[in-house]
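The values are calculated or read from the model by the stated rules, or taken from the named source; none is laboratory data. As the structure is a computational prediction, the values presented were derived from the model and not from experiment. Positions of Cβ are generated from backbone atoms using ideal geometry, with glycine treated the same way; all protein chains shown enter the neighbour counts. Accessible surface is based on the protein model in full, side chains and every heavy atom, while ligands, DNA and RNA are left aside. Shrake-Rupley method; radii C 1.70, N 1.55, O 1.52, S 1.80 Å.
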Amino acid sequence: MNLQHARIAELCTSLKLDRIAMDWPHLAQQAASDDVSFADFLEKLLTAEMDARGERTRQTLLKMATLPAVKT
């Protein structure tokens, strides 16, 4: 991991962008190989973060609902 990657990971952690920290290297490499625009790359990155936050919210609400473990 180079210095720039480390700084980006640190910034993502500080901004609580966990999914972006995980996904950006792969998506950046894919964007470079597919020759997509920066806007398309950024859209995919932000969509992944939004989806991950939505899933975390659903999981938290499900835990707070205290539903029975097995529904019959």
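Please tell me if Ala21 is modelled with pLDDT of 90 or more, in contact with an Asp or Glu (Cβ under 7 Å, 6 or more places away or on another chain) and surrounded by 10 or more Cβ atoms within 10 Å (Cβ to Cβ). So Ala21 does not fit the description; no.
Pull up the stretch 33-72, narrow it to residues that are of a type in the set (A, V, I, L, M) and open to solvent by less than 80 Å² (accessible area, probe 1.4 Å), then point me to the one that is farthest from Leu17 (Cα to Cα).
Ala65
Going residue by residue through the stretch 1-15, is there one that turns out to be surrounded by 15 or more Cβ atoms within 10 Å (Cβ to Cβ), without any contact (Cβ under 8 Å) to a residue 60 or more places away in the chain and in contact with a Leu (Cβ under 9 Å, 6 or more places away or on another chain)? No, the stretch 1-15 contains no residue that is surrounded by 15 or more Cβ atoms within 10 Å (Cβ to Cβ), without any contact (Cβ under 8 Å) to a residue 60 or more places away in the chain and in contact with a Leu (Cβ under 9 Å, 6 or more places away or on another chain).
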